[in-house]
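In what follows, a structure is listed as structure tokens, so that the remarks can point back to it.
The values are calculated or read from the model by the stated rules, or taken from the named source; none is laboratory data. The shown structure was predicted, so the numbers you read here are calculated from the model rather than taken from an experiment. Please note: Cβ atoms are built from the backbone with ideal geometry, for glycine as well, and neighbour counts cover all protein chains shown.
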Amino acid sequence: MSKTLIIMLLLVFSSHIVAEKIYKWVDDKGQIHYGSQKPANQEAETMKLKKIHKSAPQPNSTQVEAKKNNEAGEGDGQTEKTAAELKADAEAEAAAKAQLAAADKVNKKQQCEVARKNLASLNASTRVMKVNDKGETVRMTDDQRVKAMQTAQQGIKQYCQ
């Protein structure tokens, strides 16, 4: 029984241990990249991201009663967050959202450019070559070319907005 309790406690508190790190780095062309794996041969900055809540939790009746008791000088000594702490949390959340939006915009732009280049390459020639899994250069079949063109067009629709 004690082993089960220990395992359950480890599972509950292990989320802090396995938290994924996000790395940020700038390539030779000056473009900013984000990833979960640290790049080889590159300086990378570890990002500190805060968990973003979609909506503020609504207090239940017990929390409302505890707040009234704290205001009346009663209670178990727990204090509410100060206005400065709440403001700092809101600012950190806004900064994280802005940073994520900027990274998403850069990523979409790059994906758009890749999709357009792929489509242009597929349309430019009747004989399209590709490298297979074995590293050999082979000619694409007509079906493969049509599928690649459809994929490129879907990428353009998705990323070039």
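Taking the stretch 116-161 as the range and being of a type in the set (Ser, Thr, Tyr) and either touching a residue at least 24 places away in the same chain (Cβ under 8 Å) or surrounded by 12 or more Cβ atoms within 10 Å (Cβ to Cβ) (or both) as the test, the residues that pass are 121, 151, 159. Can you confirm whether residue 161 is under 27 Å from residue 31 (Cβ atoms), assigned to a loop (DSSP other than H, G, I, E, B) and either touching a helix residue (DSSP H, G or I) at 6+ places or on another chain (Cβ under 7 Å) or not charged (D, E, K, R) (or both)? The answer is yes for residue 161. Consider residue 65 carefully, then state whether it is at pLDDT below 70, out of contact with any His (no Cβ under 6 Å at 6 or more places or on another chain) and surrounded by 12 or more Cβ atoms within 10 Å (Cβ to Cβ). It is true that residue 65 is at pLDDT below 70, out of contact with any His (no Cβ under 6 Å at 6 or more places or on another chain) and surrounded by 12 or more Cβ atoms within 10 Å (Cβ to Cβ).
For first residues located in the stretch 33-45 and charged (D, E, K, R), partners that are modelled with pLDDT of 80 or more and lie 6+ apart or on another chain with Cβ distances below 6 Å form the pairs 38/44; 45/24. Condition test on residue 88, is it loosely packed, with under 12 Cβ neighbours inside 10 Å and not in a loop (DSSP other than H, G, I, E, B)? No, not satisfied.
Residue by residue, here is whether (1) surrounded by 10 or more Cβ atoms within 10 Å (Cβ to Cβ); (2) over 21 Å from residue 105 (Cα atoms); (3) modelled with pLDDT under 70 holds:
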site	(1), (2), (3)
3	no, yes, yes
9	yes, yes, yes
12	no, yes, yes
15	no, yes, yes
20	no, yes, yes
29	no, no, no
